[in-house]
Amino acid sequence: MTPLYILTGGFLVLVAALYLIFRRIRSVDNYRYQDYGPVTDPMPDAPTDEEVADYTNKYCTRLEDFVIDESINDYDLQKLAVLNGIKLQISRAWYPLVLDLIRELDQLGWDRKVSCIKEKYASLRFYTAHQYNEVIEKYTERSEKVCETCGEKGMIRYHGWEYVACRKHYLQARGLVTLLPEGFTYNGKTFFWSQVAVMNFGDKNHMGTYRHLEIHLEKKQFPKLQPSDLSVRIYNSVVGYGALLHHLPLHMPGLDYDWIDQFRRVSYCDICGYEAVYRNSCECCENDTRCLLDPDENHRHRAILYGQLEWLTDEGEYYESLQPHYRKNPDHKIIYTQQDIDDWE
Ligand SMILES: [Zn+2]
Ligand SMILES: [Zn+2]
């Protein structure tokens, strides 16, 4: 054998050995991954956000040492609650409001004692010495205009319970139903009429209004779904509910067609200007439109004026322009003046 053969043979053996070693490492890695999942360090004692964060009263242990100044933040507020032995029962979006309140109380010599900080009936409750009632009342009123989700300008809404929401988050809570040629979508899920077994209205109130439409799907088309997932309940507060009833296919079993007939007619709203008035109520701005039929011209004018000013405050037009759900009346008239807006605010 010549030295060239020995050199080539040695090289090939080296490559083969390296390949086998590499395969072995890969297979060990795969084995570890498959059996145990990605290898991560266990973190049983991972620090909480609160421990990592830096805040003014981090090392404060006594209420009398609690510092109130411009720099205090959400963690300080949580610390104040801990030092008082209470829990904060408000959404985080209200923390800045409460921080402003305690700064103002501090100016009045407040001893930092508070027995409860919570939301009740969509407004802030802050229980401390009676002498501060006037200041607290001011913040209670303010809270009724701060969205509990994002902290932006909001108003009190009713959706099963009372809460404060900006228009954006209120629309999200109401949900959306849109019509399709062969069915509809509800909150992003698509349903076809051919999948529906039975529909019925439910929860009739003392005014004779059904609060929801219940749709039961064909079991044989969804053999894997649990019985509880085979029905969909659409409340009358959902955006697009009127149009859904308006276009419900005829002769679906289980339906009260006398009720549906009341949704066959839709008209423009004098307040918001959208084609969303079903049965004396506007689905878009949610005003009762019977006041617009008042024979007294002054009463009618005032109802439209206040309705339009509230629609303006609620940024209704802005959100409706972002994603129009209803047709706009081309002849709709805004009746408020700049003076009306100034007086309203
Ligand atoms: Zn919001
Ligand atoms: Zn309206």
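Worth pointing out:
- When the trypsin sites (Lys or Arg not before Pro) in the stretch 61-111 are filtered for DSSP coil states and for at most 13 other beta-carbon atoms within 10 Å of their beta-carbon, the remaining sites are R62, K87.
- Neighbourhood charge, 12 Å Cβ-Cβ cut-off, centred on C60 and excluding it, Lys, Arg +1 and Asp, Glu -1: +1
- Cα shape, the stretch 266-345, gyration tensor, a/c 1.5 rule: oblate
- Cross-link pairs beyond the 32 Å C-alpha cut-off, checked among K58/K138; K87/K224; K153/K189: K87/K224
- Other residues with beta-carbon under 13 Å from the beta-carbon of S237 carry, at +1 per Lys or Arg and -1 per Asp or Glu, a net charge of +1.
- Euclidean distance between Cα centres, the stretch 207-235 to the stretch 74-145, Å: 43
- ³J(HN,Hα) computed for each position of the stretch 301-315 - Karplus, 6.51 cos²θ - 1.76 cosθ + 1.60, integer Hz, glycine/proline x: 4, 5, 4, 5, 4, 5, x, 5, 5, 5, 4, 5, 4, 7, 6
- Rounded, prolate or oblate (a/c below 1.5 giving rounded, otherwise prolate when a/b exceeds b/c) for the stretch 49-170 by Cα gyration tensor: prolate
- Grouping the Cα pair distances of the stretch 161-213 into 10 Å bins from zero gives a pair-distance distribution of 19, 35, 37, 10 percent in increasing distance order.
- Two-decimal log10 I(q)/I(0) for the chain, as the Debye equation yields it once each C-alpha is a single scatterer, q = 0.08, 0.11, 0.15 Å⁻¹: -0.66, -0.96, -1.21
- Where chymotrypsin sites (Phe, Trp or Tyr not before Pro) fall in DSSP loop in the stretch 62-151, at most 10 other Cβ within 10 Å: Y121
Every read-out reported here was derived from the displayed coordinates using simple, explicitly stated rules and does not represent laboratory data. Every value quoted in this text rests on a predicted model; they were computed, and no experiment measured them. Note that we place each Cβ from the backbone using ideal geometry, even for glycine, and neighbour counts take in every protein chain shown.
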